[in-house]
Amino acid sequence: MNKRLAFKLEATASGSRARAGRFTTPHNEVLTPTFMPVGTHAAVRAQRREDLLASHVDVLLANTYHLLLRPGLKIFEQFGGIHHFMNWPRSVLTDSGGFQIFSLPGSRTMREECAEFKSYLDNTLIQLSPEKSIEAQKTIGADIMMVLDQCVPSTVEHSVARAAMQLTHRWAQRSLAARGDSPQALFGIVQGASYEDLRVESAQVITDMPFDGFAIGGLAVGETKAQREDCTATVTEHLPEDHPRYLMGVGTPRDLLEAVHRGVDMFDCILPTALAKQGVAFTRHGRLDLRRAAYQGREASLDPLCDCYTCKTYSIAYLWHLQRVHETQGWQLLGLHNIHFYMHLMRRMRTNILGGTWLEFYTQQRELLDARDGYGPPVTHVTKATRRLRNLKRGRYEVVIPHGGVRGDNARAAVGHIRDMISGEVMHSVNDPTEEALSLYVEQSRLIQRLEPEPPAVDPLLVGRSAPRPIVVWDVGLGAAANAMAAITSVENKLSQAAYPRDSSKDARAARVKLRLISFENDLDALTLARAHPRWFKHLRHPAPAELLAKHEWRSKDGSIEWLLLAGDYAKRKFAAPKADIIFFDPFSYKTDAALWSLTEFQELHSLCQHTATEIFSYTYSTRIRAAMLAAGFYVAKGRATGPKAETTIALSPMAAAAPHAHELLGTEWLHKWQRSDAKIPCGADEHDTGWETAIYEHPQFR
C-alpha cells in the first residue's frame, strides 16, 4: 500500500476501467474519482472558500510557477504554508510549473540542468530546476507535489517528443531525490506526446520509480479528442492499480466521463470558471450559453435538479441579465454552479461504479453531457446540423473526422475513421486506413506476388482440368472494410491487363478465381455507416461493399475475385471457412474483444492451420498476445512499423515457418524480456496452469 496516501481501490466497473477509490492526505480523505478546481494564485477565480467547501471540493490545485513569483516563498514561510495563508482546511496539489514554462512564447530555454525563463512581472531571469521546484513546493506546503517535466505540443515530431520524454525521466529521478523523506506525496508524470510507443515506454520508466501517484501530462495541447482518449487508454493500461492516476488539464464534463471510463481518478481544469466568465453553464441536460437572447425571459433555474446556491436563488433570466451588462457577479454565480456541477458529476460517477451500473450511466451521460443549449421543451424542428450529426452515428459506432476536415476543401481531402462509442476505440486510429491496410496487410503478406501467373490463351486440351487453387485470405474484423478493399483493389490493378478466356462455362469461371476473400464480422453497422459517407471513406465507392452487405457475397466481373461474408461469431464461423493462406487479424483490441485474443482462440486457430502454410498479420505488438500465439504453437515474428508503433506482429503456422520466408522471428532477447515482464501471462490463460509457460520455453523457435 502507498504509505503517504494509503490509496485504496474499492471497485472497478464491469466492462470498463472506471475505478472508485480513496486516499488520505494530512488534511482530509479524498474519494475518487475527483475533480480539483484550479486555484492558480492560491484562489479559485471569483469563488469563495465557503462555496467550494459546500460543493464538497476535496483538493484544490495551485501553481508553483505563479506562486514563486507572487507572493513569493517568504510569505509561505511566514504563514507556515498555503493552507494557513488562504485558510483552506482541505488538500492542495501544486503543479510544478512545467506546463506554464511550456506556455511561455519564445522566452524559455530548456537545458539539462534547468529551465530558464524571464519573469512576466519584471523580466528578471529565473532558473527553475527539479530541485528548486520541489523545494518551492515543500515550502508552499502542498499535500501532493508534482515533478518538474518538459511539456511539448502533442503534435511534435517523434524525435522531439522522445528527447522531451527522456529529459522528463531524468528530472523525475532528481525530483524524487530532492523530496527526500518529506511526508508530502509526489506524483511522477508520463509524457510522450501522441506517440503510443513513447507513452508506453514513459509509463514503464516512471512506474519503476517509487512515486505516490502517476499523472498523464502533455495532453490537451494540440491533439484531437480521439487521440487524447486513445492516449489516455494506452497509459492507464500500463499504470499500477494501487496508485492514484491523474490526467492533467482535462477537461469538459464529457472529457472527464471518457477518461474515468479509461481508468483515471483525478482531474483539474480551468473550464468551470473560465467558461463561466463567458456566460456558459454546464447542466444535466447539456451546455447553456447565456449570451443567447433565447434565455432573456426564462423564469426557471439553470438546472432544476441542481441544489447549488445559484440554482436555488436565481432565474436564468437574471443570470442572462448579469451577463448582458457584464456584471462580475454573473461570472461568480455561474462559476459557483459549474464547480458544483463538476463535483456532483464526479460523485455520481463514483456511485455508479460502486453500484455496478457504470456502463448504463456512461452510455446515457456521454450523449447528454455533450449536448448544447438543451434547456426547455423538446425541439420539434430538426436542423441540418442536427441531422448531419445524427447521420454520423449508427448503433454503437460513430464517424470521426479530423479537426477542420468537415467543410470546404478540407472535406474532400479528409479521411474518416470509425469509433466504437462504448469502448472509445477507433479503427485505424492514427494512419489513413487505406494506407495502413496496404502497408500492414497487403504488402507485408506479399499478396500480389503470391498470385499465380496468368495462364496463356486457353488450350482446348486443357479445358476441364482442375484449376489452380486460389489464394484464400481471411479478413478477421471486417469493420469498415479497409483491409478487404485494399486487397481487392490491389488484385484488380494487378490483373486488369490479364487475358482471360471468353469461355463462360463453369470450369472456365473456376479457372479465373485468383483471390478468395473471407470476411468475418458480427456487427455490420460500422460498414453500413461508413458507406453512407463516401466522401470520407473513398475506398467504399467501389460497388463491392454494397453488394456484400446485400447478398453477403460479391464476385468481380472477370471472375478473378470472390468475396464472401461470414456474419456472426467468428469463434464459431471460422470452422466453416476454407483453410486460409493469409489471415488479416484486425479485430478491436483485447480490452474490447477479449475472446478473440485469448490463448484458447489461438489454440483453435492453430489446429485449423497446422496442415496449411498460413501466415497471420496483426497490428498488435502486445507481449501477452505474442505469448498467447507462441503458447498455441505459432511461430511469431516482428511485423513492420505502423504509425506510432515501432513494430507489429506476424504469426506463422509450423508449415509456413518451415517454408522459406523473410520474416524476423522473435529471438532469445524477446524471451528474456518476456520473462521479466509484468504482462507475462497470455491473454485468457489460467495463471495457475503453467502449461502455457512450458510451451513457450520449449518452443522450437527459441532452440
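No value in this document is a laboratory result; all are computed from the given coordinates. Note that the structure is predicted; figures quoted are calculated from it, not measured. Positions of Cβ are generated from backbone atoms using ideal geometry, with glycine treated the same way; all protein chains shown enter the neighbour counts.
So here's what we get for this one:
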| read-out | value |
| --- | --- |
| Table column - 3J(HN,Hα) (Hz), the stretch 422-429, Karplus curve with 6.51, -1.76, 1.60, x for Gly and Pro | 6, 8, x, 6, 10, 6, 6, 5 |
| Cβ-based net charge around His169, under 11 Å, with every Lys or Arg adding one and every Asp or Glu removing one | 0 |
| Sorted by Cβ neighbour density within 10 Å, fewest at the top, the residues Asp230, Asp242 | Asp242, Asp230 |
| Helix 482-495 vs. the chain, principal-axis angle (Cα, 0 to 90°, nearest 10) | 40 |
| Phi-based couplings in Hz for the stretch 138-152 (Karplus 6.51, -1.76, 1.60; Gly and Pro marked x) | 5, 5, 4, x, 5, 6, 10, 10, 10, 5, 6, 10, 9, 9, 10 |
| The chain: angle of helix 623-632 to the longest principal axis, Cα-based, in degrees nearest 10 | 30 |
| Over 24 Å (Cα to Cα) - which of Lys645/Lys680; Lys494/Lys645; Lys551/Lys574; Lys8/Lys132; Lys225/Lys673 fall in this group | Lys494/Lys645; Lys8/Lys132; Lys225/Lys673 |
| The chain - convex hull of alpha carbons, volume per residue in Å³ | 184 |
| Neighbour-count ranking [beta-carbon atoms within 10 angstrom, fewest first] of Tyr621, Tyr342 | Tyr621, Tyr342 |
| Ordering of 245-253, 325-333 by burial proxy (mean other Cβ atoms within 10 Å per residue, highest first) | 245-253, 325-333 |
| Environment charge at Asp265 (Cβ cut-off 15 Å; Lys +1, Arg +1, Asp -1, Glu -1) | -2 |
